[in-house]
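Every number in this text was worked out from the coordinates using simple rules, so none of it is lab data. Fair warning: this is a prediction, and the values are worked out from it, not measured in the lab. Please note: Cβ atoms are built from the backbone with ideal geometry, for glycine as well, and neighbour counts cover all protein chains shown.
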Amino acid sequence: TGIEKVKDSIVFHAGTKMSNNNIVTNGGRVISVSATGTDIKEALSKSYSMINNINFEGKTFRPDIGFDL
């Protein structure tokens, strides 16, 4: 999945399960990545850059979340 490659962020996951000692998707909305920074722009940048380290079949994400704060 790549979750172990997410640094300086918190990954919240639901709709997942353990299979062969790996976290795998199990339907529905799956992952949220949250990070901190010196300002909202830095935190968003970190969160969205970590998305590239998480991969699974059918992966999609919303590129607009957090920008209206």
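Which GluC sites (Glu not before Pro) in the chain sit in a loop by DSSP (not H, G, I, E or B) and have at most 12 other Cβ atoms within 10 Å of their own Cβ? Passing sites in the chain are GLU57.
Dividing the summed -39500 (n - 2.57) terms of all DSSP H runs of n ≥ 4 by the residue count of the chain sets its mean residue ellipticity at 222 nm at -5500 deg cm²/dmol. Each residue of the range 12-29 was assigned a 3J(HN,Hα) from its phi angle through the Karplus expression (A = 6.51, B = -1.76, C = 1.60, θ = phi - 60°), giving 9, 9, 8, x, 10, 8, 8, 9, 6, 6, 10, 7, 10, 6, 9, x, x, 5 Hz with x at Gly and Pro.
Backbone amide hydrogens, once placed in the peptide plane, bring THR16 within less than 5 Å of ASN26, excluding anything fewer than 5 places away on its chain.
Principal semi-axes of the equivalent ellipsoid, √(5λ) from the alpha carbon gyration tensor of the chain, are 23, 13, 9 Å from largest down. In this calculation the C-beta distance from LYS59 to THR36 is compared with R0 = 30 Å, giving a FRET efficiency of 0.80.
Using unit Cβ charges (K, R positive; D, E negative) and no other charged atoms, how large, in debye to the nearest 20, is the dipole of the chain about its Cα centre? Can you show the working numbers first?
On the way: 8 positive and 7 negative charges, 42 e Å.
In debye, rounded to 20, the chain gives about 200.
Chymotrypsin sites (Phe, Trp or Tyr not before Pro), restricted to the chain: which are DSSP loop and have at most 10 other Cβ atoms within 10 Å?
Numbers: sites: PHE12, TYR48, PHE56, PHE61, PHE67; in loops: PHE56, PHE61, PHE67.
Hits after loop and neighbour filter: PHE67.
Rounded to the nearest 10 degrees, the angle from helix 40-51 to the longest Cα principal axis of the chain is 20 degrees.
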